[in-house]
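The values are calculated or read from the model by the stated rules, or taken from the named source; none is laboratory data. Owing to the predicted nature of the structure, the values given are computational and were not obtained by experimental measurement. Neighbour counts are summed over all protein chains in view; Cβ atoms, including those assigned to glycine, are modelled from backbone coordinates with ideal geometry. SASA here: full protein model, heavy atoms, side chains in, ligands and nucleic acids out. Shrake-Rupley method; radii C 1.70, N 1.55, O 1.52, S 1.80 Å.
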Amino acid sequence: MAPKSKVELYAAIRRDCRAGMSKRAVMRKYGGGHPTVQNALESAWPRPRKKLPPRPTRLDPYKPVIDQMLRADLGAPRKQRHTAKRVFDRLLEEHQALGVSYGMVRDYVAVRRGEIRAMAGRGPVEAFVPQSHRPCVEAEVDFGDVTMRLAGQTVTCYLFSFRLSYSGKAVHRIFASGGQEALFEGHVHALRVLGGAPTGKARYDNLKAAVAKVIGFARERRENERWLAFREHYGLDSFCCRPGLAGAHEKGGVEGDVGYFRRNHLVPVPEVDSLSELNLLVEQWDEHDDDRRIRMRPRTVGEYFAVEQPLLKPLPDEPFDTSRTFALRVDRHSRISVRTNCYSVPVRYIGRRVRAVLHANELVVYDRATEIARHERLIAKGGERLVLDHYLEALVRKPGALPGATALEQAKAAGKFTPVHEAWWAATCKARGDRDGTRTLVDVLLLGRRIPHEHLVAGLDATLRVGALTADAVALEARKAQEADDADTVLPEPELPRRREPTVTFLTARRLAHLPPDTRPLPSPAPYDQLLGRRTRGTTAASKGEQMP
């Protein structure tokens with residue numbers, strides 16, 4: 001069988017010559033010439049073919065002109081340098097190079113531009129040196145923006161990532177903002193999940209929440225005082241990367257981790273009702289990521305972290321207060337302004353000073369030690385978050401302000417003011433007039449402070465169908481719905497009962513029905529007849545005669 005390749009041919013020739021076959025016999029056997037046999041005996045590997053000299057092309061006369069254009073680009077602004085298309089156009093316009101095609105120019109510029117930069121000392125853009133990390137020594141921190149559907153609206157939030165460099169173990173958290181509260185709360189959550197802090201440096205961008213000023217182009221930074229106190233509390237040693245895009249390569253691990261997490265867990269765009277719900281999912285995703293391998297590492301992230309975790313520095317016993325506190329006065333619209341956004345409080349606190357505690361994802365308002373309001377933090381600037389329940393006392397006196405109230409519109413958007421509320425309100429206004437009907441609705445809304453929302457809606461629906469449009473009737477039906485739910489949870493019925501029309505029991509009749517039976521005899525007015533009867537003259541005279549001696 002004839003050899004298929006030149007390497008096999010050389011091997012066969014060398015084998016036959018070692019067996020004692022003459023060169024002439026080998027030449028006849030394989031049909032080759034003397035140079036082929038001689039080359040096979042000299043080397044088992046065929047010599048590479050000689051490259052033919054480059055053929056002249058129609059671009060050769062214009063190559064010096066192109067080189068001159070590319071050299072001029074060395075000192076030109078980055079966005080005003082020659083592209084291959086611009087070089088081709090100039091050759092046609094200024095040098096009448098009609099025989100030159102665009103593909104010839106493009107291929108030459110793609111190779112020649114890098115050679116000219118290297119000859120000018122510019123060299124490649126940047127070289128990257130592989131790094132090795134010791135366990136528990138280094139960490140990297142970064143924020144990345146993510147888009148989601150939050151309560152039916154498309155918003156942009158911020159993904160916090162704290163990554164240990166050795167194991168690749170990363171802890172994530174999504175916040176409404178990327179401010180200092182988010183930076184602190186992200187660290188506290190990450191250190192709690194990891195069970196300790198790294199013993200060496202943590203790499204950061206030049207975040208405004210941590211860095212007050214970048215001094216020149218050196219590594220020196222003036223850190224924010226509150227950030228300085230925070231990292232000293234947990235024993236963190238910060239390392240600030242270079243400003244701009246160049247600094248991103250100094251913490252490439254966490255930069256890649258943010259992109260990986262965003263592509264693998266936030267695609268498609270998640271739809272949630274609150275950030276707390278989304279963060280529960282984030283915690284589950286972090287646990288699942290312990291089973292993955294990073295690039296060509298022989299073990300998983302969780303296996304590397306099992307080696308690294310016992311070496312982490314223990315956390316302090318006392319937690320650090322990550323929130324920001326503001327002393328604010330409530331305006332006449334029953335609002336306080338925090339970071340360009342307004343939040344409502346109950347109207348009874350108008351004109352008083354309250355204490356607002358701002359967290360990364362929520363705002364809590366206190367009157368001394370009593371919590372009076374709690375809001376999810378607004379993401380956009382210049383927004384308002386108003387709760388309808390905070391204005392009910394004022395709406396009792398001003399029922400005409402309810403139809404156009406901003407708090408009512410937000411309650412409708414949030415699903416707190418349902419179509420059942422709307423229908424009940426319209427029916428009550430039709431029966432009693434706009435003012436009295438609205439006041440009755442406000443009385444019903446006040447019931448929501450002690451009756452769960454779903455039971456109150458059930459009470460509204462039941463009374464609407466039978467036309468009992470009073471707050472007492474709604475309260476009674478809501479209580480009946482709550483008792484029915486409690487009974488279902490204790491003793492579930494095997495089959496659904498037949499649907500019946502709702503019946504409404506008035507509050508007075510219900511109270512009398514629950515009183516113990518009365519066994520006393522019915523009262524009689526007979527003993528009082530002598531006091532109520534009117535005496536006649538004859539009777540009076542006879543009485544006087546009887547009394548005479």
query = Pro502 passes all but one of (1) within 39 Å of the chain's Cα centre (by Cα); (2) at pLDDT below 65; which number fails?
reply = (1)
request  = Taking the residues in the range 363-379 that are more than 13 Å from Cys342 (Cα to Cα) and open to solvent by 60 Å² or more (accessible area, probe 1.4 Å) as candidates, determine which candidate is nearest to the chain's Cα centre (by Cα).
outcome  = Glu371
request  = Give the range 407-464 a look and list any residue that's among the hydrophobic types (A, V, I, L, M, F, W, C) and assigned to a loop (DSSP other than H, G, I, E, B), or say none.
outcome  = Phe417, Ile451
task = Evaluate the range 129-148: report whether one residue or more is part of a loop (DSSP other than H, G, I, E, B), more than 30 Å from Ala413 (Cα to Cα) and over 38 Å from the mean Cα position of the chain (by Cα).
result = no
inquiry  = List pairs: first residue in the range 94-117 and within 15 Å of Pro64 (Cβ to Cβ) and of a type in the set (Gly, Ala, Ser), second residue assigned to a helix (DSSP H, G or I) and open to solvent by less than 90 Å² (accessible area, probe 1.4 Å) anywhere in the structure, Cβ distance under 6 angstrom, at least six positions apart or on different chains.
reply    = Ala97/Tyr62; Ala97/Leu91
query = So which residues in the range 258-275 are open to solvent by less than 80 Å² (accessible area, probe 1.4 Å) and polar (S, T, N, Q), if there are any at all?
reply = Ser274
task = For the range 304-327, indicate whether the set of residues that are modelled with pLDDT of 95 or more, open to solvent by 60 Å² or more (accessible area, probe 1.4 Å) and of a type outside the set (A, V, I, L, M) is non-empty.
result = no
